[in-house]
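Presented below is the structure to which this report refers.
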Amino acid sequence: VGLHSHGFWRPKPLLDTARFTLSFNSQHRKNHQHSQALWKHEAVQKYLESLSKEYQQVSHQLRADSLNDFEQRTLRRRCAHLSPIAAAFQEIKEAEREVQELEVMCTELDSRDEKQLLELALEEKENLDKKMNMLCRKLFQLLVPKEKYDRSPVILEVTAGRTTGGDICQQFTKEMFDMYQSYADYKRWTFDIVSYMPAEIGGLHHAAAHISGENVYRHLKYEGGTHRVQRIPEMGMSSRMQRIHTGTMSVIVLPQPEEVDVKVDPKDLRVDTFRARGAGGQHVNKTDSAVRIVHLPTGLAVECQQERSQQMNKEMALRTLRAKLYQQVIEKQLSQEQSARKLQLGTRAQSERIRTYNFTQDRVTDHRISYDARNIKEILSGKEELDKLINRLLEFAEIEAVTQYLENLQALEGGG
């Protein structure tokens with residue numbers, strides 16, 4: 001048996017005999033923004049047919065009496081992996097047949113007497129199309145190799161950028177931090193504020209939070225980057241002249257490591273205490289409860305001031321430091337894997353502008369997938385509309401991963 005670098009276990013003969021004709025290029029990628037579009041590609045159909053046949057062969061082999069214990073275990077693992085893929089494949093095929101039958105029916109229903117029946121058939125077809133897209137996405141989720149950090153909690157940091165005139169960056173940073181806090185509540189995650197540095201006039205310079213729950217990093221990993229805002233300030237000369245200002249803020253999303261993942265030598269740390277700043281009660285300016293930790297070998301510095309207890313702040317700051325050190329390991333791995341898996345969602349560089357929030361046009365544009373969403377207030381509320389946008393990104397990423405995997409298969413064949 002062979003183990004592909006992306007984690008797909010496949011018999012070597014299948015790699016040798018499969019003949020995929022791929023012609024995915026940038027134009028194809030643009031058109032494949034929905035799972036159903038990728039499903040219709042000939043190479044995908046051939047690949048899934050081969051997996052379905054393999055599942056039947058493995059199931060048949062498992063019934064043989066001549067297998068030893070090792071062969072039994074190996075085949076059972078492969079069968080368990082293929083079973084949901086084969087089932088989803090057959091389910092989509094069945095839905096596809098239903099769509100085809102409805103299309104034939106619609107071509108025959110063209111007289112006035114059958115108008116109502118035609119409307120019902122078209123409505124049913126629309127529902128089947130939605131079902132098909134949902135089933136295709138489910139299938140591709142089964143195919144895409146799982147990132148080992150997807151289930152991890154995260155440290156999320158927001159930092160205001162700079163702009164000429166007005167305080168729109170600080171105000172926007174506060175709105176974004178509130179959005180992620182509301183989204184955590186919407187997803188029933190736990191949102192613990194680590195640090196919070198408010199700006200004047202109700203804005204925010206910098207804040208960080210520890211977010212834990214189900215698949216947190218999976219949903220937030222593509223939020224990291226530069227977010228741009230375009231709006232008319234509510235106060236000052238620009239507001240009276242109706243001048244649009246442009247500002248930015250940055251988001252960093254770090255998967256939270258387990259204690260064993262990153263070992264930090266206490267000798268490499270400098271721990272400073274200081275009085276907390278900003279809102280937080282009467283204790284803020286009376287006790288040196290805030291903690292700043294500097295990792296001397298790398299120069300990384302983190303601070304926490306949210307808790308009354310200096311020890312609790314120290315523990316939270318250490319947790320954040322481990323996450324940042326862990327991120328360096330992840331970035332190194334990502335750069336190594338970049339040539340093998342080109343996820344077309346940007347370079348993950350924090351300087352990259354990933355999204356624009358245009359208040360005057362009531363539009364949010366995600367530049368990585370050329371997607372526009374309306375109703376900024378609904379998105380900033382951190383509920384259903386933001387979840388839709390994030391899921392659109394995840395679907396695009398899944399399609400990219402499947403496309404890249406099939407391209408890699410073709411490369412393997414070409415290399416003999």
* Return the residue satisfying two criteria in turn: it lies in the stretch 121-158 and is polar (S, T, N, Q) and open to solvent by 50 Å² or more (accessible area, probe 1.4 Å), and of such residues it is farthest from residue 183 (Cα to Cα). => 127
* Do you know which residues across the stretch 299-319 are over 12 Å from residue 195 (Cα atoms) and of a type in the set (A, V, I, L, M, F, W, C)? -> 300, 301, 312, 318
* Structure fact -> When (1) basic (Lys, Arg); (2) at pLDDT 75 or above; (3) closer than 20 Å to residue 217 by Cβ are applied to residue 363, the one that fails is (3)
* Asked: What is the number of the single condition among (1) open to solvent by 40 Å² or more (accessible area, probe 1.4 Å); (2) part of a helix (DSSP H, G or I); (3) without any contact (Cβ under 8 Å) to a residue 40 or more places away in the chain that residue 51 does not meet?
  -> (1)
* To do: Note down all Cβ pairs under 7 Å where the first residue falls in the stretch 178-205 and is touching a residue at least 40 places away in the same chain (Cβ under 8 Å) and assigned to a loop (DSSP other than H, G, I, E, B), the second is of a type outside the set (Val, Ile, Thr) and surrounded by fewer than 18 Cβ atoms within 10 Å (Cβ to Cβ), and they're at least six residues apart or on different chains.
  => 187/213
* Structure fact -> Selection from the stretch 230-245 of residues among the basic types (Lys, Arg) and either modelled with pLDDT of 60 or more or buried (at least 17 other Cβ atoms within 10 Å of the Cβ) (or both) yields 231, 243
* Asked: Would you say residue 150 is modelled with pLDDT under 90 and either in the same structural domain as residue 53 (by the TED database) or in contact with a Phe, Trp or Tyr (Cβ under 8 Å, 6 or more places away or on another chain) (or both)?
  -> yes
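The values are calculated or read from the model by the stated rules, or taken from the named source; none is laboratory data. Owing to the predicted nature of the structure, the values given are computational and were not obtained by experimental measurement. Please note: Cβ atoms are built from the backbone with ideal geometry, for glycine as well, and neighbour counts cover all protein chains shown. Protein only, heavy atoms only, side chains kept; ligands, DNA and RNA dropped before computing areas. Shrake-Rupley method; radii C 1.70, N 1.55, O 1.52, S 1.80 Å.
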